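Below is one structure; the comments refer to it alone.
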């Protein structure tokens, strides 16, 4: 996408961002005429804007998915780009080759994006997070840099699979499920000690490498205790995993990660999330007002889940003050069960 076209899209988007759906439709009918690609790109931006206004965190994906003219460079500095791996709320990830590092995951954020300032602040924060943490359950940071067209983060390429894919096949065996939570809890203990909350623990932010080792990814909405990125009252996270305090738009700390670990542990052992509904607002209502259904009596491989239920009950407490206090405490209690 060239600058001239992006400027046209921006000008139309700014005009329509605060207009009614009917005004938007009529105006796009007039200015887009037969340019269907232009209309798709503007509608994607408007959808992104509306979602951000409603409190959703993912303000870039709709643009990246809608802007089909977006093409990645063949190379960027010393990085030769092979193929796209995925698109998400904090940019596009590619498999790339580097003469020193070999295969890397190269995350790019185009500079022509909606909510540019906020997006680039979060992108820069992710690089800072990875640079500040050193743990085997995290992908290593090789480099972060900017060009005229992109901000870039070069990370270790994890050759493996997403945890969400395993869950789609059914509940995980007892030991495997608890080991994953223990690994995540260990890396979060390390992060929390540095004043960092991940805030988006979920199954598709966890990878399993070829050896079955756990890797936590995507610190795109992470928060250091001394850095304020999110406006007061803004809701940020992934609906089914969000803590009650996230839904209320209140200040969150490391305890929101403990809630999300509880949701993920439930999901690993049952292949279902504890709070589900037809839309995000109904999910929010359940998280804020309902209790999760209990775990089954035994895991899929026949292990008694009563001791796990006792720990889960302390993780899925609505009031963060009453929740299990730390990931170190979670490690101690879960470690006694494996």
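Of the Cα atoms belonging to region 160-335, the radius of gyration and Dmax stand at 15.2, 47 Å. Per residue, the average separation of C-alpha pairs within less than 8 Å and at least 6 apart gives region 160-335 a relative contact order of 27 percent. Ranked by how many other Cβ atoms sit within 10 Å of their own Cβ, fewest first, the residues 238, 298 fall in the order 298, 238.
Every number here is computed from the coordinates shown, using simple stated rules; none is lab data. Since this is a predicted model, take the numbers as computed values, not measurements. Cβ coordinates were reconstructed from backbone atoms using ideal geometry, including for glycine residues, and neighbour counts include every protein chain displayed.
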